[in-house]
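Q: The following block contains the structure, expressed as structure tokens.
The values are calculated or read from the model by the stated rules, or taken from the named source; none is laboratory data. Since we're looking at a predicted model, the values are computed, not measured. FYI the Cβ positions are ideal-geometry reconstructions off the backbone, even for glycines, and counts take in every protein chain you see. The area values use the complete protein model at the heavy-atom level, side chains included, leaving out ligands, DNA and RNA. Shrake-Rupley method; radii C 1.70, N 1.55, O 1.52, S 1.80 Å.
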Amino acid sequence: MSETVKIATLSGDAKFDAYVARPAGTPRASILVIQEIFGVNAGIRRKCDKLAEDGYLAVAPDLFWRLEPGVELDPDVEPEFQRALDLMGKFDQDQGIRDIEATIHHIRREEGVEKVGCVGYCLGGRLAYMTAARTDVNASVGYYGVGIDGLLNEKHAIAHPLMLHIPTEDGFVDKDTQKAMHEGLDDHPKVTLHDYEGLDHGFATEFGKRRSEEAANLADGRTAEFFRENLG
């Protein structure tokens, strides 16, 4: 069962939408799904639906709501891809983390689910790292996060498990950035990094030309096991 719910901001002065997919029975835990630069589109909703099929309460907040509520873009359509890049340039990531934190509070207080993980893609992969460092989320996974090398000074604040999926031929994350991520995080007791040789950005998308079926299934299997171990 899926629906759209309203979530109050941390300050309580506004509300924003989130897509919620509910499991058939009592949730084993909850997973917050963090969007790409394309909004809460069909692919992100499908991620939520699949997590609900696995027994999780899945919640995808609309993080672009302050710019334009209800953004849904297709990365395979060039004008929509360019619009997504424009939105990303205007997006306040620090404010986005506060909205993610508000979503975590909503899940625990309004839904009554104490254990909360998060999984993010692209922009969401970066935000998943930031969520691990700045909130009390129980476990985090980031797929092809961009610019994480610039956030390594926050790694000391990561108190709960974090897994990062890194395609080695990511057009948005060059080799020097990947090297910095490994040098900065390989010895972190809470962080696990997985490389995907020859793969490009977006390989685990649900729909479209970017998907690599074999690599997506491998990464998603690792993610599923990670959440089973850390969320129950």
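Q: If the requirement is being within 22 Å of Gly208 (Cβ to Cβ) and in contact (Cβ under 8 Å) with a residue 40 or more places away in the chain, which of these qualifies: Val33, Val40? Talk me through it step by step, then tell me what you get.
A: Values: Val40 fails: in contact (Cβ under 8 Å) with a residue 40 or more places away in the chain.
None of the others qualify; the one that does is Val33.
Q: Let me ask you something else. Collect the residues in region 195-211 that are out of contact with any helix residue (DSSP H, G or I) (no Cβ under 6 Å at 6 or more places or on another chain) and part of a strand (DSSP E or B), keeping them in residue-number order.
A: If the condition is that a residue be out of contact with any helix residue (DSSP H, G or I) (no Cβ under 6 Å at 6 or more places or on another chain) and part of a strand (DSSP E or B), then Asp195 is the only one that fits.
Q: Taking helices (runs of 4 or more DSSP H) that fall entirely within region 44-151, which contain at least 3 residues that are within 22 Å of Lys6 (Cβ to Cβ), of a type in the set (Val, Ile, Thr) and touching a helix residue (DSSP H, G or I) at 6+ places or on another chain (Cβ under 9 Å)?
A: Helices (runs of 4 or more DSSP H) meeting the threshold: 93-109.
Let's see how each residue does on (1) of a type in the set (Val, Ile, Thr); (2) within 15 Å of Leu63 (Cβ to Cβ); (3) under 16 Å from the mean Cα position of the chain (by Cα):
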site	(1), (2), (3)
Ile97	yes, yes, yes
Thr103	yes, yes, yes
Glu111	no, no, no
Glu114	no, no, no
Val119	yes, yes, yes
Cys122	no, yes, yes
Gly125	no, yes, yes
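Q: Turning to a different aspect of this structure: Being open to solvent by less than 20 Å² (accessible area, probe 1.4 Å), modelled with pLDDT of 95 or more and out of contact with any Lys or Arg (no Cβ under 6 Å at 6 or more places or on another chain) narrows it down to one residue among Gly112, Gly96; which is it?
A: Gly96
Q: Tally the residues that are part of a helix (DSSP H, G or I), among the hydrophobic types (A, V, I, L, M, F, W, C) and open to solvent by 20 Å² or more (accessible area, probe 1.4 Å), restricting the search to region 164-189.
A: So the count comes out to 1.
Q: Starting from region 166-183, take each residue that is within 16 Å of Gly125 (Cα to Cα) and touching a residue at least 12 places away in the same chain (Cβ under 8 Å) and list its partners that are open to solvent by 100 Å² or more (accessible area, probe 1.4 Å) and in a loop (DSSP other than H, G, I, E, B), counting only C-beta distances under 7 angstrom and pairs at least six apart or across chains.
A: Listed by first residue and then by second, the contacts come to Thr168/Glu197.
Q: Considering only residues that are touching a residue at least 12 places away in the same chain (Cβ under 8 Å) and either open to solvent by 30 Å² or more (accessible area, probe 1.4 Å) or more than 14 Å from the chain's Cα centre (by Cα) (or both), which ones fall in region 214-228?
A: Ala215, Ala216, Leu218, Asp220, Arg222, Ala224, Phe226, listed by residue number.
Q: Checking Ser140 against (1) in contact (Cβ under 8 Å) with a residue 24 or more places away in the chain; (2) buried (at least 22 other Cβ atoms within 10 Å of the Cβ); (3) out of contact with any Pro (no Cβ under 7 Å at 6 or more places or on another chain), which single condition isn't satisfied?
A: Every listed condition holds for Ser140 apart from (1).
Q: Here is a follow-up. Limited to region 25-41, what total is found for residues that are closer than 25 Å to Tyr144 by Cβ and exposed (fewer than 14 other Cβ atoms within 10 Å of the Cβ)? Even if it seems obvious, please write down each step before you answer.
A: If we filter region 25-41 for residues that are closer than 25 Å to Tyr144 by Cβ, which is where we start, we get 29-41.
From the residues that got through so far, the ones that are exposed (fewer than 14 other Cβ atoms within 10 Å of the Cβ) too are none.
Total meeting the criteria: 0.
Q: OK, next. Within region 1-24, track down each residue that is open to solvent by 10 Å² or more (accessible area, probe 1.4 Å), out of contact with any Gly (no Cβ under 7 Å at 6 or more places or on another chain) and closer than 21 Å to Ala224 by Cα.
A: Met1, Ser2, Tyr19, Arg22, Ala24 - these are the residues of region 1-24 that are open to solvent by 10 Å² or more (accessible area, probe 1.4 Å), out of contact with any Gly (no Cβ under 7 Å at 6 or more places or on another chain) and closer than 21 Å to Ala224 by Cα.
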